[in-house]
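Q: Sharing a structure with you now.
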Amino acid sequence: NVPLTNFHINNAKLHSNDEDRISGTGDNWRLADFCYAAIDTGYRGWFGEDQYTYRMEPVKAMALSRELFANIMKKALQIYANKEALQVAQSSGKAEATIDVVKEYLI
């Protein structure tokens with residue numbers, strides 16, 4: 001049983017070969033879902049930025065990436081704090097019920 005110690009995060013374009021982009025500039029619903037899963041499973045490792053920002057000045061790109069990732073992680077933590085309501089919505093089988101719970105944090 002070897003624990004995970006590091007996730008590499010970025011926002012590469014879905015279904016493309018685009019280089020790794022700044023976290024928080026892509027599908028933030030998916031990124032928040034990933035963060036929520038990390039929280040929910042008790043992940044205690046690092047989140048490492050994995051990006052190739054040839055389009056931007058590298059230090060600025062990493063600073064933006066950290067800031068935007070932190071904002072998404074905060075949203076995931078807020079949803080997790082409301083986990084009971086989320087589970088009730090999910091168990092209803094109605095997607096709109098789940099969206100009603102998470103939209104407050106993601107939009």
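A short reminder: the numbers here are calculations on the coordinates, not readings from a lab. A quick note: this is a predicted structure, and the numbers were derived from the prediction, not measured. Glycine gets a Cβ as well: all are built from the backbone with ideal geometry, and neighbour counts include every protein chain shown.
Q: Report, by chain and number, residues whose modeled amide H sits under 5 Å from the one on Ile9, excluding near sequence neighbours (fewer than 5 apart, same chain).
A: The list, which skips near neighbours in sequence, is Gly48, Glu49, Asp50.
Q: Follow-up. Let me check against my output: what whole-number percent is the relative contact order of the chain, with C-alpha pairs under 8 Å and at least 6 apart?
A: 28 percent
Q: Shifting gears a bit: Given the -39500 (n - 2.57) contribution per DSSP H run of 4+ residues, what per-residue ellipticity at 222 nm results for the chain, rounded to the nearest 500 deg cm²/dmol?
A: Calculated at 222 nm, the ellipticity per residue is -17500 deg cm²/dmol.
Q: A further question follows. So, by mean Cβ neighbours within 10 angstrom, what's the order for 3-11, 65-73, 39-47 with the highest one leading?
A: 65-73, 3-11, 39-47
Q: Next question. May I ask you to compute the full-extension gain from Asp40 to Met56, defined as 0.36 nm times their residue separation minus their alpha-carbon distance, rounded to one decimal in nm?
A: Here the segment from Asp40 to Met56 would lengthen by 2.4 nm.
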